[in-house]
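The values are calculated or read from the model by the stated rules, or taken from the named source; none is laboratory data. Fair warning: this is a prediction, and the values are worked out from it, not measured in the lab. Here the Cβ positions follow ideal geometry from the backbone for every residue, glycine too, while neighbour counts run over all protein chains shown.
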Amino acid sequence: GGYVYQKAYLEFFCSKEKLDAVVGKCKTLPSITYIAVNKGDNWVSNTAQSDVNAVTWGVFPAKEIIQPTIVDPASFKVWKD
């Protein structure tokens, strides 16, 4: 008996023009965080490069919180290749 939580999370490929539109919309929604990187290592984000974002985690009786899925800038740079 425990609980697993998951934040809404979206990952996709898009053109620079579509990215600009998404970033523009996200700027009006401060609760949304975003990270984007391209093959040339150009970086766009509303978080610091040292920030880490847990997107799933579990809570179980008599145990520490379990964090199985983390999204961070270092991972994004690896995934882009």
**OP:** Given the conditions (1) assigned to a loop (DSSP other than H, G, I, E, B); (2) surrounded by 12 or more Cβ atoms within 10 Å (Cβ to Cβ), report the number of the one that Lys39 does not fulfil.
**Re:** (2)
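Of Tyr9, Tyr3, which residue is within 22 Å of Val78 (Cβ to Cβ) and touching a residue at least 24 places away in the same chain (Cβ under 8 Å)? Outline the logic, then answer.
Working: Tyr3 fails: within 22 Å of Val78 (Cβ to Cβ).
Checking each option against the conditions leaves just Tyr9.
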**OP:** Would you check which residues across the range 1-34 are touching a Phe, Trp or Tyr at 6+ places or on another chain (Cβ under 7 Å) and either among the hydroxyl-bearing types (Ser, Thr, Tyr) or modelled with pLDDT under 90 (or both) and list them?
**Re:** Tyr5
Subject >> So Lys25, is it of a type in the set (D, E, K, R) and in contact with a Lys or Arg (Cβ under 7 Å, 6 or more places away or on another chain) >> reply: no
Original post:
Do you know which residues across the range 42-81 are surrounded by 12 or more Cβ atoms within 10 Å (Cβ to Cβ), β-branched (Val, Ile, Thr) and not in a loop (DSSP other than H, G, I, E, B)?
Top reply: Val44, Val55, Thr56, Val59, Ile66, Thr69, Ile70, Val71
**OP:** Please identify the pairs in which a residue from the range 24-42 that is acidic (Asp, Glu) has its Cβ atom under 9 Å from the Cβ atom of a residue that is in a loop (DSSP other than H, G, I, E, B), counting only partners at least 6 apart or on another chain.
**Re:** Asp41/Lys80
